[in-house]
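A short worksheet on the structure shown next.
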Amino acid sequence: MASRMPSPRSWVDSLLVRPDAVRGHLDGLILSVLEEGPRHGYAIIEALQARSGGALDLPTGTVYPALRRLERAGRLSGSWSTVGGRERRTYTLTRAGRHALAAQRTDWSEFSSVVEAVLRPPRPASEPS
Amino acid sequence: MTTAVLDPVEAHVAELERSLRGPSKVRRGIVREVRDGLADAVEAHRRGGLDAGEAARRAVRDFGPVSAVVPLYQDELAAGQGRRTALLLAVALPALMLGWDLLWSTGFMDGPPAAPAAAATVKGLARAQDLVSGVAAVTALLLASLTFRRTGSPRRVAAAVAVTALSAVGLCVLSAVAMNVVNFAQAWERLTAQPVGQFAYAASAATVLLLTRAAVRTLRALGTADGPDQGRSARHS
């Protein structure tokens, strides 16, 4: 198990969800993961991966600065606290963050339904395979 | 000597630490958070069955190259320092001008009478100073509010803050020097014999130093990740 050299999994994942496709939505995804309660950096990354069933494969390094950016914009508040016997920086959704998340959800469902309506094949299930 | 294998996680963290520019307290927090996160990732990979070395390499690979992360962090460092400088500018410069105006109007600064021409010049310069500090304060508040935006270019905002602070301080210092030269007798009296005057000069100098230092820190926090002066700031820790 230990001698698995360069794991091919991340290649497959990158094909499933390309990182640059995710980046524009990263803020909303992070806010959404924090809706259930405060989390620290790596717990946020794990939650993103778990919720996407492992298909979300963006460089984890970009999540940490995104947290700082959301904090600067007042959507998260970050503070050092002791979690599991270790000092960690924990992030909590603010009221403004909650509003931003709600707005992003509305935007996304409108956008995706429009795109879906256009992309849907005109004559469903009539093509031979 | 041959067993000096550098831990990939520590090497990655060290590279990040070397690359960031800005207030050291914020930088330390960033580095600590990343180190914690990588340690968590290594732990998770080890629980998943990888050995220590492979887990560390995986954590570093998942994190991505430091060069991709530094510009993102540099935006935050610049925005934070820019916001602090802008707020300081918005408060300190008008407060200083108000203090001087108060001293003048209450007669604390009375000394040997000035020549009418000199008095008029000093008055004009004082008006100009009030105007400069007022405009600078409003600009600073505007720029500070821009640092709360999630999008846009925080480093450009921070650069504008630094330029505003340096030019406002520069103009105020220049006109202050001119006022004291034009009205040298009174200025000398204030500086040598009036405790209130001495305090006012000291407070002014302190404010100028404080604002200049904040502006210089803001310029430093702009970083060098995508700037041409990579060599200049390569070493200072």
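Here are the numbers for the structure shown:
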read-out: B:GLN74 being in contact (Cβ under 8 Å) with a residue 12 or more places away in the chain, crowded, with 17+ Cβ neighbours inside 10 Å, closer than 25 Å to B:PHE184 by Cβ and polar (S, T, N, Q); value: no
read-out: So B:ARG58, is it surrounded by 22 or more Cβ atoms within 10 Å (Cβ to Cβ) and either among the basic types (Lys, Arg) or within 34 Å of the chain's Cα centre (by Cα) (or both); value: yes
read-out: All positions within the stretch B:44-55 that are more than 9 Å from chain A (Cβ to nearest Cβ), of a type outside the set (Gly, Ala, Ser) and surrounded by fewer than 19 Cβ atoms within 10 Å (Cβ to Cβ); value: B:ARG46, B:ARG47
read-out: Among (1) within 14 Å of chain A (Cβ to nearest Cβ); (2) of a type in the set (Phe, Trp, Tyr); (3) farther than 30 Å from A:THR60 by Cβ - the single one B:TRP100 does not satisfy; value: (1)
read-out: Lone unmet requirement of (1) outside any helix (DSSP H, G or I); (2) more than 13 Å from every other protein chain (Cβ to nearest Cβ); (3) closer than 23 Å to B:VAL169 by Cα for B:GLY22; value: (2)
read-out: So B:ARG28, is it in a helix (DSSP H, G or I), under 18 Å from A:ARG86 (Cα atoms) and touching a strand residue (DSSP E or B) at 6+ places or on another chain (Cβ under 9 Å); value: no
read-out: A:ARG72 being exposed (fewer than 12 other Cβ atoms within 10 Å of the Cβ), over 22 Å from B:ASP40 (Cα atoms) and among the basic types (Lys, Arg); value: no
read-out: Residue match in the stretch A:52-59 (condition: farther than 25 Å from B:SER145 by Cα and either facing chain B (nearest Cβ under 7 Å) or assigned to a strand (DSSP E or B) (or both)); value: yes
read-out: Looking only at the stretch A:99-129, and only at residues there that are among the acidic types (Asp, Glu) and at pLDDT 85 or above, the one that is nearest to A:ARG75 (Cα to Cα); value: A:ASP107
read-out: Qualifying residue in the stretch B:5-17 (condition: under 26 Å from B:VAL208 (Cα atoms) and either more than 9 Å from every other protein chain (Cβ to nearest Cβ) or touching a residue at least 40 places away in the same chain (Cβ under 8 Å) (or both)); value: no
read-out: Among (1) assigned to a helix (DSSP H, G or I); (2) aliphatic (A, V, I, L, M); (3) under 23 Å from B:HIS12 (Cβ atoms), the one test that A:ALA102 misses; value: (3)
read-out: Selection status of B:ALA41, under 19 Å from A:ARG39 (Cβ atoms), crowded, with 17+ Cβ neighbours inside 10 Å and facing chain A (nearest Cβ under 10 Å); value: yes
read-out: Options B:VAL163, B:VAL157, B:VAL173, B:VAL181; residue that is among the β-branched types (Val, Ile, Thr) and buried (at least 21 other Cβ atoms within 10 Å of the Cβ); value: B:VAL157
read-out: Looking only at the stretch A:52-72, and only at residues there that are within 15 Å of B:LEU72 (Cα to Cα) and among the small types (Gly, Ala, Ser), the one that is farthest from the chain's Cα centre (by Cα); value: A:GLY61
read-out: Verdict on A:SER112 being assigned to a helix (DSSP H, G or I), surrounded by 14 or more Cβ atoms within 10 Å (Cβ to Cβ) and on the phi < 0 side of the Ramachandran plot; value: no
read-out: Condition broken by A:LEU93, with the remaining ones in (1) exposed (fewer than 12 other Cβ atoms within 10 Å of the Cβ); (2) of a type in the set (A, V, I, L, M, F, W, C); (3) over 30 Å from B:GLU15 (Cα atoms) satisfied; value: (1)
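The rows are residues; the columns are (1) more than 28 Å from the chain's Cα centre (by Cα); (2) under 19 Å from A:ALA66 (Cα atoms); (3) loosely packed, with under 15 Cβ neighbours inside 10 Å; (4) at pLDDT below 90.
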{"site": "B:LEU20", "(1), (2), (3), (4)": "no, yes, no, no"}
{"site": "B:SER24", "(1), (2), (3), (4)": "no, no, yes, no"}
{"site": "B:ARG28", "(1), (2), (3), (4)": "no, yes, yes, no"}
{"site": "B:VAL31", "(1), (2), (3), (4)": "no, yes, no, no"}
{"site": "B:GLY37", "(1), (2), (3), (4)": "yes, yes, no, no"}
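The values are calculated or read from the model by the stated rules, or taken from the named source; none is laboratory data. Computed from a predicted structure; not experimentally measured. Every residue, glycine as well, gets a Cβ built from its backbone with ideal geometry; the counts of neighbours run over all protein chains shown.
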